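Okay, structure first, notes after.
The values are calculated or read from the model by the stated rules, or taken from the named source; none is laboratory data. Quick caveat: nothing in here was measured; it's all calculated off a predicted structure. Please note: Cβ atoms are built from the backbone with ideal geometry, for glycine as well, and neighbour counts cover all protein chains shown.
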Amino acid sequence: MINQERVWNRLFELSQFGKQERGGVTRISFTDEERKAKDLIALYMKEAGFVVTEDAVGNVIGRKEGRIEGAPAVIIGSHIDSVPHGGIFDGPLGVIAGIEVVQTIVEQEIETDHPIEVIAFTDEEGSRFRFGMIGSRAIAGTLNKEHLQNKDQNGVTIAQAMKEMGLDPNKILDAARDPGTIKGYVELHIEQGKVLENHHLSVGVVSGIAGPLWTKWVLTGEAGHAGATPMGIRKDPLIPAAAIIQYIETETKKYPNAVATIGQISVKPGGVNVIPSQVEFTLDLRDIDEEVRNKIEHTIVSYARQICEERKIEVDISTLQRVTPVPCSKEIRQVIENSCKEIGLETFTLPSGAGHDGMQFKDFCPIGMIFIQSKNGISHNPDEWSSKEDCGRGTTVLYKTVLELAK
Ligand code: HGY
Ligand code: MN
Ligand code: MN
């Protein structure tokens with residue numbers, strides 16, 4: 001069956017690109033490190049017998065033809081870009097396991113009716129431009145020129161970064177696929193939470209994917225002298241910002257599946273003895289239920305506007321990305337469950353708190369996801385870890401699932 005050692009060795013070989021001193025990886029999109037990682041993935045695909053192409057936004061695509069000419073493809077996808085100081089499994093496991101599935105099919109001379117593609121999507125994380133899933137959006141035909149104007153911390157746009165890597169931002173629509181060419185999408189990913197570990201399980205079947213809403217908040221007051229300005233006459237934006245952030249936590253805790261994170265915060269001008277003139281922070285708000293997420297969003301925005309008005313502080317809230325929560329297909333979940341049973345694994349279903357590329361295919365084709373256990377539920381952290389055996393089990397479930405879908 002699949003070669004667990006080969007999956008494991010490739011995971012560590014790939015982790016050299018963007019490797020950080022204190023462990024983990026920082027592999028940001030449209031950088032040399034990411035380019036080298038994509039080249040290695042392309043090499044693995046060629047070794048596995050794929051025809052390898054790269055599309056207009058830099059998705060690396062391996063394709064193995066099926067018996068039926070023109071039949072829609074089964075797509076296995078994930079990503080190889082990372083968050084800053086992330087782990088080595090988040091993304092690469094799904095791409096390397098996908099390659100392993102097809103390499104095993106080729107080695108065992110199995111013929112499938114449908115073609116199978118493995119795709120390493122460009123920039124799933126959104127770490128650099130605070131706008132993610134660029135590659136999967138392009139394939140779904142929902143990436144547009146405005147999106148490419150999102151800037152990184154140095155003011156470089158996605159379009160400019162693409163050009164620096166030899167891509168033509170004017171050609172992004174060439175990457176769009178016709179929905180009729182895709183039969184289904186499956187992704188293997190680490191859980192990034194503690195549920196499977198708490199249940200002492202290796203593998204889980206994903207029921208649906210929570211939708212991330214990313215917003216940028218800018219509160220503007222008036223800089224002043226820390227020593228000479230009495231508290232009562234200040235227009236300090238950091239105080240209402242702190243109250244809003246506390247309120248976000250209090251409000252979000254009222255809903256069992258909702259999560260809220262302030263991942264970035266900055267204060268200007270940033271002098272020890274200067275009352276801030278401006279505070280900027282980001283909010284990542286999620287729930288598996290879009291209505292709940294909208295309700296929380298509305299409540300915290302109303303509170304923020306009210307407290308800022310009282311304090312005569314300007315508040316500007318802009319949306320960085322708004323991704324709809326997506327249910328996984330019942331049919332594909334059933335195939336994954338059957339695959340688990342075939343190898344003696346319990347079938348356990350759980351939602352994904354993390355976002356994934358498959359969400360972009362919600363109007364295209366049925367999607368399914370397989371999780372493997374994350375040690376201590378840690379991810380987006382150098383200590384992210386899954387066992388070799390669980391990577392092997394997850395790859396085996398993916399193999400059986402893809403064979404069933406593509407047969
Ligand atoms: O943010 C996420 O949920 C994923 O890691 N991109
Ligand atoms: Mn991630
Ligand atoms: Mn991921």
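Limited to region 65-108, what total is found for residues that are part of a loop (DSSP other than H, G, I, E, B) and at pLDDT 95 or above? Of the residues in that region, 18 qualify. I'd like to check something: does region 367-378 contain any residue that is of a type in the set (Gly, Ala, Ser), farther than 25 Å from Gly23 by Cα and either within 16 Å of ligand 3 (Cβ to nearest atom) or assigned to a loop (DSSP other than H, G, I, E, B) (or both)? Taking every residue of region 367-378 in turn, at least one turns out to be of a type in the set (Gly, Ala, Ser), farther than 25 Å from Gly23 by Cα and either within 16 Å of ligand 3 (Cβ to nearest atom) or assigned to a loop (DSSP other than H, G, I, E, B) (or both).
Residue by residue, here is whether (1) of a type in the set (A, V, I, L, M); (2) farther than 18 Å from Glu291 by Cβ; (3) outside the structural domain of Thr349 (by TED's automatic domain parsing) holds:
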residue: Trp217; (1), (2), (3): no, yes, yes
residue: Gly227; (1), (2), (3): no, yes, yes
residue: Lys235; (1), (2), (3): no, yes, yes
residue: Ile239; (1), (2), (3): yes, yes, yes
residue: Ile244; (1), (2), (3): yes, yes, yes
residue: Pro256; (1), (2), (3): no, no, yes
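For region 10-54, the set of residues classified as more than 14 Å from Asp123 (Cα to Cα), in contact with a strand residue (DSSP E or B) (Cβ under 6 Å, 6 or more places away or on another chain) and assigned to a helix (DSSP H, G or I) consists of Ile41, Ala42, Met45, Lys46, listed by residue number. Scanning region 156-181 for residues that are among the polar types (S, T, N, Q) and free of Cβ contacts under 8 Å to residues at least 40 places away in the same chain yields Thr157, Gln160, Asn170. For Ile68, state whether it is surrounded by 18 or more Cβ atoms within 10 Å (Cβ to Cβ), over 30 Å from Pro169 (Cα atoms) and more than 21 Å from the chain's Cα centre (by Cα). So Ile68 fails the test. Scanning region 255-312 for residues that are out of contact with any strand residue (DSSP E or B) (no Cβ under 7 Å at 6 or more places or on another chain) and of a type in the set (Val, Ile, Thr) yields a total of 6. A single member of Glu314, Glu331, Glu310 is away from ligand 2 (no atom under 16 Å from the Cβ), farther than 26 Å from Glu290 by Cα and either out of contact with any Leu (no Cβ under 8 Å at 6 or more places or on another chain) or among the small types (Gly, Ala, Ser) (or both), and it is Glu310. The conditions of being within 16 Å of ligand 2 (Cβ to nearest atom), among the aliphatic types (A, V, I, L, M), in the same structural domain as Gly87 (by TED's automatic domain parsing) and not in a loop (DSSP other than H, G, I, E, B) are met by Leu188.
Each residue in region 55-64 was checked for being touching a Pro at 6+ places or on another chain (Cβ under 8 Å) and either in a loop (DSSP other than H, G, I, E, B) or not assigned by TED's automatic domain parsing to the domain that holds Phe121 (or both), and 0 of them qualify.
Among the conditions (1) on the phi > 0 side of the Ramachandran plot; (2) under 18 Å from the mean Cα position of the chain (by Cα), the only one that His200 does not satisfy is (2). Within region 210-253, the set of residues being within 25 Å of Gly353 (Cβ to Cβ) and of a type in the set (Lys, Arg) comprises Lys216, Lys253.
Residues of region 275-300 that are over 18 Å from the mean Cα position of the chain (by Cα) and assigned to a strand (DSSP E or B): Ile275, Gln278, Val279, Glu280, Phe281. Taking residues in region 120-134 that are assigned to a loop (DSSP other than H, G, I, E, B), and partners anywhere that are within 11 Å of ligand 3 (Cβ to nearest atom) and of a type in the set (Ser, Thr, Tyr), the pairs with Cβ atoms closer than 8 Å and at least 6 places apart or on different chains are Glu124/Ser78; Glu125/Ser82; Ser127/Ser82.
Would you be able to tell me the number of residues in region 301-354 that are assigned to a loop (DSSP other than H, G, I, E, B), within 16 Å of ligand 1 (Cβ to nearest atom) and in contact with a helix residue (DSSP H, G or I) (Cβ under 7 Å, 6 or more places away or on another chain)? Residues in region 301-354 being assigned to a loop (DSSP other than H, G, I, E, B), within 16 Å of ligand 1 (Cβ to nearest atom) and in contact with a helix residue (DSSP H, G or I) (Cβ under 7 Å, 6 or more places away or on another chain): 3 in total.
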